[in-house]
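The values are calculated or read from the model by the stated rules, or taken from the named source; none is laboratory data. Owing to the predicted nature of the structure, the values given are computational and were not obtained by experimental measurement. Using ideal geometry, Cβ is built from the backbone for each residue, glycine included, and neighbour counts are taken over all protein chains shown. Note: areas computed on protein heavy atoms with side chains; ligands, DNA, RNA excluded. Shrake-Rupley method; radii C 1.70, N 1.55, O 1.52, S 1.80 Å.
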Amino acid sequence: MNYFKQTILLLFVFSAQVGVAQNNGYDKLGLQAMMKGDYKAAVGQLEKADTKTPNNANVLKMLGYSYFQCGDFENSIAAYSRLITVKPSDYSAYYYRGKARLNIANDPKESLSQMRDNFYLSAIKDFSKAIELNGEEDTQLLQNRGLAYKDYAIYKSYKVKKGPEKTAVVSLFNNSIADFQKVLVVQPLRKDIIGLVDYVKAQIASLK
């Protein structure tokens, strides 16, 4: 289990202990299923908890995360959007909503969809908000925004025909590099990030 995922689960445990909803214990059963890694069962319990106590921040946070782990990104986005309405200062809600939107944008089934631009732009906006709330010291947030810029730029590069369009794509690639370089300031030995910087620079060179 990576550090970020472990931290999120610990936060779920803490928040559930200090704010148990009055919903016949469905939230507790959902949390127990999450801790076992059974996110499908967690969704079943947490949907019941959500029905009993709509707009409960703890339930929505666990439900959004469980949907995400099940690969149900549309429902994850919906749950995190509701959480943001209830608790707009929760940076992890923006982070996971951004990841869910990016996953949809990158899905091959979305290749012909006119919505891909919106999903990429919304993902970048979500990561930016998470960074605003939690600070640029969070390399996980910077890395994911960098990936979103990179993926969006690659998508846009397929349709590049004119000079101004190339300039816009290069700008996206440069934003990606800027985020990756911020990660390297904190974690200079990250070979994966160094590799990403080299890859993005090669993409820029291929446009010239």
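Residue-wise test of (1) open to solvent by 50 Å² or more (accessible area, probe 1.4 Å); (2) touching a residue at least 12 places away in the same chain (Cβ under 8 Å).
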| position | (1), (2) |
| --- | --- |
| Ile131 | no, yes |
| Gly135 | no, no |
| Gly146 | no, yes |
| Lys156 | yes, yes |
| Leu172 | no, yes |
| Leu189 | yes, no |
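Residue-wise test of (1) within 17 Å of Asn75 (Cα to Cα); (2) touching a residue at least 24 places away in the same chain (Cβ under 8 Å); (3) basic (Lys, Arg); (4) open to solvent by 20 Å² or more (accessible area, probe 1.4 Å).
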{"position": "Gly98", "(1), (2), (3), (4)": "yes, yes, no, no"}
{"position": "Arg101", "(1), (2), (3), (4)": "yes, yes, yes, yes"}
{"position": "Ala123", "(1), (2), (3), (4)": "yes, yes, no, no"}
{"position": "Gln143", "(1), (2), (3), (4)": "no, yes, no, yes"}
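What are the residues in region 31-88 that are crowded, with 19+ Cβ neighbours inside 10 Å and over 24 Å from Asn134 (Cα atoms), if any? Those that are crowded, with 19+ Cβ neighbours inside 10 Å and over 24 Å from Asn134 (Cα atoms): Leu31, Ala33, Met34, Tyr39, Ala42, Val43, Gln45, Leu46, Ala49, Asp50.
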